[in-house]
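Some notes on the structure that comes next.
Please treat every number below as a calculation from the coordinates, not as lab data. The structure displayed is predicted, hence computed values, not measured ones. For neighbour counting, all protein chains shown are included, and Cβ atoms are generated from backbone atoms with ideal geometry for every residue, glycine included.
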Amino acid sequence: MTVFVALGDSTTVGFGDRMPDGSWRGWAPILAAALGARLHNIARSGAQSADVVTEQLPRALELRPDVAAVLVGTNDTLRSPFDATRVARNLERTVAALRATGAEVLTIRLPDPGRMFGLPGPLARPLARRMRDLNAAADLVAARHATVHFDAAGNTDSYDRRMWSVDRLHPSERGHRFLACSFFDLLAARLGGGIGTRPDPAPSSPPPTRTAQAWWMATQGTRWMIRRSTDLLPGLFGLAVTELLGRDAGNLSADLAPELPPGLSLPDRVV
C-alpha cells in the first residue's frame, strides 16, 4: 500500500474541516483516501519551517513514504524577524531529504492571507511581500527537486470566499477538497492514470449558517481571536511600521543562486 506522510502546520492538521465527532479532517485524509494510501499525518498547528525540519522530518524519514507533502510557511511570514533565505534553506533540507528516499513530494505556492482578511494597505502590503518571498523560496526548491508543485497563490479559486472557514485563515471543507483535488490532478499528470479515484470537490456537509458562524465567534472564536491578538495582530502592526519606515526589504539571498539548476535564477523582487 502507498504510504503518504503529511508534514506542515494547521492547514494540514485539517483546521477548518470539522467532522461530526469534533475532530479535524482536512485535505490530507481526503487525498489519501482517493489514492488508497495509508496516511501518517504528522503536521502540527503553529509549526514553522524550522519545526518541520527538526520535529517532523526525522519521523517522516522513518516512515519511508511513497508520497510526502510539505505545506508550511504561513506561520513564518507572521513572525518577526522573517528571513526568506532561512525559510528557503529549511524547505530545501526537508524536500531534499524526502526526495532522496524516492518519494514524490507535494509542495505549494500559498495564497496571500491578507486578501482574505481584507487588511488595509499598510498591513496588507508587507504581509503580501513576505508571502511573495516565501513563494519564491518554494518555487526555487520545487524546481530544484522536481516536486509536485501546486500554485494556489495564482489560482483564482483560492480566493473564493467559500473556500475559507469563518476564521478566514484556514480552508473550509470546500477549500480542503479543492487542495486534495488539485494535488490529485497534479499527481495523476505526473504518474499517469490508475492512481485512484479523484476526490469529490463538493462538500459532504452543508456550509455553516450565519447563526452557526456567529455562535462559533461567540464561543470558540472569541478565544481564538484573543490568542491571535497577542500574536498575529502585534506582528501585523510591526510590519506596518517597518513598511512606513521603508525597512521591510527583501532578503531572499542571492547566495542561493549557485545551488540552482542550470538556467534558473532568482526571481525579481515584487514590491
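Karplus-based coupling profile of the stretch 47-63, in residue order and whole Hz: 5, 9, 4, 5, 5, 4, 5, 7, 9, 9, 4, x, 5, 4, 5, 4, 7, with θ = phi - 60° in 6.51 cos²θ - 1.76 cosθ + 1.60 and x standing for Gly or Pro. Amide H contacts for residue 110 (H built 1.01 Å from N in the peptide plane; partners 5 or more residues away or on another chain; cut-off under 5 Å): 153.
Select from 105, 91, 67 the residue farthest towards the positive end of the dipole of the stretch 66-114; place +1 on Cβ of Lys and Arg, -1 on Cβ of Asp and Glu, and compute about the Cα centre. So the residue we want is 91.
Amide H to amide H distances under 5 Å link residue 105 with 68, 148, where only residues 5 or more positions off or on other chains count and H is placed in the peptide plane. Evaluating 6.51 cos²θ - 1.76 cosθ + 1.60 at θ = phi - 60° for every residue in the stretch 99-105, the Karplus couplings come out as 5, 5, 7, x, 6, 6, 10 Hz, glycine and proline recorded as x. Taking amide H atoms as placed 1.01 Å from N in the peptide plane, the amide H of residue 44 lies under 5 Å from those of 8, 9, each 5 or more residues away in sequence or on another chain.
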